[in-house]
Amino acid sequence: MIFESHLLSMVVYAFLTALVLAFIRRRERKARLRYGLFVFLIMVGGALLFGWFMYLFTL
């Protein structure tokens with residue numbers, strides 16, 4: 001395992017995925033930045049919400 005923290009692994013994966021998707025899907029620099037940031041935030045936020053939701057079933 002490269003990172004000891006699953007959260008750090010998830011954030012790095014989300015960043016790299018958002019970077020690739022931004023370069024593939026958008027042509028203008030500003031649009032790439034906005035789209036990449038949007039995808040990154042959606043991926044990290046969704047994973048955190050899903051993790052919190054799963055935690056409710058462990059109580």
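The values are calculated or read from the model by the stated rules, or taken from the named source; none is laboratory data. In this text the structure is predicted, and so the values were computed from the model without any measurement. Please note: Cβ atoms are built from the backbone with ideal geometry, for glycine as well, and neighbour counts cover all protein chains shown. Note: areas computed on protein heavy atoms with side chains; ligands, DNA, RNA excluded. Shrake-Rupley method; radii C 1.70, N 1.55, O 1.52, S 1.80 Å.
Taking residues in the stretch 19-48 that are farther than 24 Å from residue 7 by Cα and of a type outside the set (A, V, I, L, M, F, W, C), and partners anywhere that are assigned to a helix (DSSP H, G or I) and open to solvent by less than 100 Å² (accessible area, probe 1.4 Å), the pairs with Cβ atoms closer than 7 Å and at least 6 places apart or on different chains are 25/35; 26/32; 26/35; 32/22.
Identify all residues within the stretch 22-37 that are open to solvent by 80 Å² or more (accessible area, probe 1.4 Å), closer than 20 Å to residue 12 by Cβ and touching a helix residue (DSSP H, G or I) at 6+ places or on another chain (Cβ under 8 Å); write none if there are none. 23, 33, 37 - these are the residues of the stretch 22-37 that are open to solvent by 80 Å² or more (accessible area, probe 1.4 Å), closer than 20 Å to residue 12 by Cβ and touching a helix residue (DSSP H, G or I) at 6+ places or on another chain (Cβ under 8 Å).
Cβ-Cβ contacts under 7 Å between residues 6 or more apart (or on different chains), taken from a first residue in the stretch 1-18 that is without any contact (Cβ under 8 Å) to a residue 24 or more places away in the chain to a second residue that is in a helix (DSSP H, G or I) and surrounded by 12 or more Cβ atoms within 10 Å (Cβ to Cβ), are listed as 3/9.
Of all the listed residues (57, 53, 3), the sole one being modelled with pLDDT under 95, of a type in the set (Phe, Trp, Tyr) and open to solvent by less than 70 Å² (accessible area, probe 1.4 Å) is 3.
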